[in-house]
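**Student:** One structure, pasted below without further comment.
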Amino acid sequence: MRYLLAVLAAAIGVAGMVLGEADDSPGLQLLGVVLIVGAAAFGVRTARRGR
């Protein structure tokens, strides 16, 4: 279930990056990057704790 949250957050981040690029909005692109990096860190932490 936690992996699903990480994948969902990464997908929202990617959508933010794409929409921010189309709208030329650097703030939205930054939020997208932050979401992607946070989701990756959460996924790695979850995988390490599961072992």
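**Student:** For semi-axes √(5λ) of the Cα gyration tensor in Å, several values are listed as (1) 25, 9, 5; (2) 21, 11, 8; (3) 27, 9, 5; flag the one computed from this structure.
**Tutor:** It is the one labelled (1).
**Student:** Full extension from Leu19 to Ala40: what is 0.36 nm times the residue separation minus their Cα-Cα distance, to one decimal in nm?
**Tutor:** Numbers: separation 21, 0.36 × 21 = 7.56 nm, distance 2.03 nm.
This chain segment gains 5.5 nm when fully extended.
**Student:** Let me check against my output: what whole-number percent is the relative contact order of the chain, with C-alpha pairs under 8 Å and at least 6 apart?
**Tutor:** That works out to 42 percent.
**Student:** What's the exposure ranking of Ile36, Ile12, going from fewest to most Cβ atoms within 10 Å?
**Tutor:** Sorted ascending by nearby Cβ count, the order is Ile12, Ile36.
**Student:** Would you mind checking the tilt of helix 26-49 against the longest principal axis of the Cα atoms of the chain, expressed as 0 to 90 degrees and rounded to 10?
**Tutor:** Compared with the principal axis, the helix lies near 10 degrees.
**Student:** Oh, and also: If I stretch the segment between Ala47 and Leu5 completely, what's the gain in nm (0.36 nm per residue apart, minus their alpha carbon distance), one decimal?
**Tutor:** Values: separation 42, 0.36 × 42 = 15.12 nm, distance 1.29 nm.
Gain on extension, Ala47 to Leu5, equals 13.8 nm.
Read-outs: derived from the displayed coordinates by stated rules, not from any lab. Remember, it's a predicted structure, so these values are computed and weren't measured experimentally. Please note: Cβ atoms are built from the backbone with ideal geometry, for glycine as well, and neighbour counts cover all protein chains shown.
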